[in-house]
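Have a look at the structure below, then the notes.
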């Protein structure tokens, strides 16, 4: 730990602890997950930065979407994201969650993931190298420092439109809304 | 009177600091054995600060109370254990009380998990209780041998008679019991060959699966207490306790690092393999130790 940051720790303990204890949930959506084992084991050792994988969404606060998202996976992703506790951060890994990537004309793949859950940052590439995950973590630190990693707040505020997009992709949702869906129209239509 | 109250307040705090330090040290040492650099030593503290600031989800009143029950049980056990000269309640009760109250920690976790209503919790809890059935048998035999050898149930007297006659671990009939206790120590701590109940890859970390936020922080604190209790019991019974807390801490450190070296390199047992192991070698050693102690003492 940097000694210059001790004053910051006393000023904003929550923000600093969120930065240095990112627990990523094991969630293998696509081929990108193959880059994660070298990151967490002895070759690149993400634990140096406090990033470790955990097994359940309740303990996690970082969600890496690794690879293409099929319609079936989207259902699991939304449920996992809603079970995570706030504050939570999401990072899309690879080209596919950004705009479909090589599955740009697939009938069964979600093209723009940020229509369905909020994404705090993207790692472009097919595949990105494991170092890209560290760059993403450092960018996420900067975002948390500047109060810009506010995906979970956006999700709460615009839950109605996110829910409508989810219903458009998946049909009827079998779980109740996470936040109350009021009738008055909100801004930021997607 | 004042010193007693001070000790009652101080000893759980000391135990917590030592336990949390051990959690951090465990991650660092395991990382070094895996040829990694490892997290900073205070990483568990950072995690706990983060968890206390997070929102948390409760699943009902028993979900909260069970966790508090197990935490309270652990704190009471700490009061009964001498830590160097700091021994607030060890004059009364002794080993039998510790044996009874030590059961509260897994029981509280089981009650709390029952309300969580997640299938992974049920599997984890049942594995945890089966495992404790496995290690309670040799543990009871070991404690019985110690109590028979020193003809007392008071931990203070066990410690003081060891300070005059030498460590129990290197005296003749008791080294069998000591060896047996060391063999079951990873099972009591839930370390790697015996982490069946909290296996992250099989059952999503078992009883902890629904804990998040403050609940996970409290569960981590509980784990730190359990680490402290089982190692401190070993040091008190077999390594002769210590005259001051620093030497006691060094002895605990040595035992813990030895346990970690086993933890870092072994794969996980299945539950029936764990029971088979626990009821074979440690129980056999403890039983032979008890028989010889009885034969010598009577």
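Every read-out reported here was derived from the displayed coordinates using simple, explicitly stated rules and does not represent laboratory data. The shown structure was predicted, so the numbers you read here are calculated from the model rather than taken from an experiment. In this analysis, Cβ positions are derived from the backbone assuming ideal geometry, glycine residues included, and neighbour counts consider all displayed protein chains.
Placing one identical point scatterer on every Cα of region B:87-137 and ignoring solvent, what is log10 I(q)/I(0) from the Debye formula at q = 0.17, 0.21, 0.27 Å⁻¹?
-0.61, -0.77, -1.00
How many percent of the alpha carbon pairs in region B:118-196 exceed a separation of 14 Å?
Of all Cα-Cα distances in region B:118-196, 68 percent exceed 14 Å.
Among rounded, prolate and oblate, which fits region B:149-245 when a ≥ b ≥ c are the square roots of the eigenvalues of its C-alpha gyration tensor, a/c under 1.5 means rounded, and a/b larger than b/c means prolate?
Here region B:149-245 falls in the prolate category.
With everything on Cα atoms, drop me the angle between helix B:155-165 and the longest principal axis of chain B, reported from 0 to 90° to the nearest 10.
Helix B:155-165 sits roughly 50 degrees off the main axis of chain B.
When ranked by the protection proxy of mean other Cβ atoms within 10 Å per residue, highest first, what sequence do the peptides B:25-33, B:44-52, B:118-126 form?
With the highest mean Cβ count within 10 Å placed first, the list reads B:44-52, B:118-126, B:25-33.
Averaged across orientations, what area in nm² does the convex hull of the alpha carbons in the protein assembly as shown project?
Convex hull of Cα atoms, orientation-averaged projection: 25.7 nm².
How large, in Å, is region A:3-170 by the Kirkwood hydrodynamic radius built from its alpha-carbon pairs?
16.4 Å
Using only Cα atoms, find the angle between the long axis of helix B:281-297 and the longest principal axis of chain B, and express it within 0 to 90 degrees, rounded to the nearest 10.
30 degrees
Inside 10 Å of the C-beta atoms of A:35-48, what's the mean count of C-beta atoms belonging to other chains?
Going residue by residue through A:35-48 and averaging, the value is 3.
Return, for the Cα atoms of region B:1-53, the radius of gyration and Dmax in Å, separated by a comma.
Reported Rg and Dmax, both Å: 15.1, 51.
Region B:1-43 to region A:129-145: how many Å between their Cα centroids?
Computed from Cα coordinates, the inter-centre distance equals 30 Å.
Suppose R0 equals 22 Å. What FRET efficiency, 1/(1 + (r/R0)^6) with r the Cβ-Cβ distance, do residue A:156 and residue A:70 give to the nearest 0.05? Numbers along the way, then the final one.
Working: r = 27 Å, r/R0 = 1.21.
It comes to 0.25.
How long, wide and thick is region B:227-298, going by the Cα atoms along their three principal axes, in whole angstroms, largest first?
Principal-axis extents of region B:227-298 (Cα, largest first): 42, 40, 16 Å.
How long is the gain from residue A:139 to residue A:112 if the chain were fully straight, where each residue apart is worth 0.36 nm and the alpha carbon distance is subtracted?
7.6 nm
Hey, quick one: spin label on residue B:262, modelled 7 Å out along Cα-Cβ, who in region B:132-172 has an amide N within reach, i.e. under 20 Å?
In region B:132-172, the label zone of residue B:262 (backbone N under 20 Å from the point 7 Å along Cα→Cβ) covers B:132-146, B:168-171.
D for region B:2-297, whole µm²/s, Stokes-Einstein with Kirkwood Rh over alpha-carbon pairs at 4 °C and 1.567 mPa s: what number?
Answer from the Stokes-Einstein relation: 66 µm²/s.
For a Förster distance of 22 Å, can you work out the FRET efficiency between the beta-carbons of residue B:96 and residue B:273, rounded to the nearest 0.05?
0.10
On a 0 to 90° scale, report how tilted helix B:2-33 is relative to the longest principal axis of chain B, with both axes built from alpha carbons and the result rounded to the nearest 10.
Relative to chain B, helix B:2-33 is tipped by roughly 70 degrees.
Quick one, can you get me the convex hull of the C-alpha atoms of region A:45-129 expressed as volume per residue in Å³?
It comes to 95 Å³ per residue, whole-number rounded.
Under 17 Å from a label point 7 Å along Cα→Cβ of residue B:76: give me every residue in region B:232-251 with its amide N that close.
Hits in region B:232-251 for residue B:76 at 17 Å: none.
For residue B:298 and residue B:129, what is the calculated FRET efficiency with R₀ set at 41 Å and r taken between the beta-carbons, to the nearest 0.05?
Between residue B:298 and residue B:129 the formula returns 0.70.
Please compute, for peptide A:87-96, the average count of beta-carbon atoms on other protein chains lying within 10 Å of each residue's beta-carbon.
On the way: counts 4, 2, 0, 0, 0, 0, 0, 0, 0, 0.
Counting Cβ atoms of other protein chains within 10 Å of each residue's Cβ and averaging gives 1.
Could you tell me whether region A:86-153 comes out rounded, prolate or oblate from its Cα gyration tensor? Rule is a ≥ b ≥ c as square roots of the eigenvalues, rounded for a/c under 1.5, then prolate if a/b exceeds b/c, otherwise oblate. Please report the intermediate quantities before stating the final value.
Numbers: a/c = 3.49, a/b = 1.46, b/c = 2.39.
Note, shape of region A:86-153 comes out oblate.
Once you average over the residues of A:56-66, how many Cβ atoms of partner chains fall within 10 Å of each Cβ?
Mean partner-chain Cβ count within 10 Å for A:56-66: 5.
Using the per-residue mean of other Cβ atoms lying within 10 Å as a proxy for protection, in what order, highest first, do the peptides A:136-149, A:2-15, A:118-131, B:99-112 fall?
Ranking the peptides A:136-149, A:2-15, A:118-131, B:99-112 by packing returns B:99-112, A:118-131, A:136-149, A:2-15.
When ranked by the protection proxy of mean other Cβ atoms within 10 Å per residue, highest first, what sequence do the peptides A:97-107, B:213-223 form?
By packing density, highest mean first, the sequence is B:213-223, A:97-107.
Hey, rough spin-label estimate for residue B:41 and residue B:175, points 7 angstrom out along Cα→Cβ, what's it come to in nanometres?
In this crude label model, residue B:41 to residue B:175 measures out at 3.3 nm.
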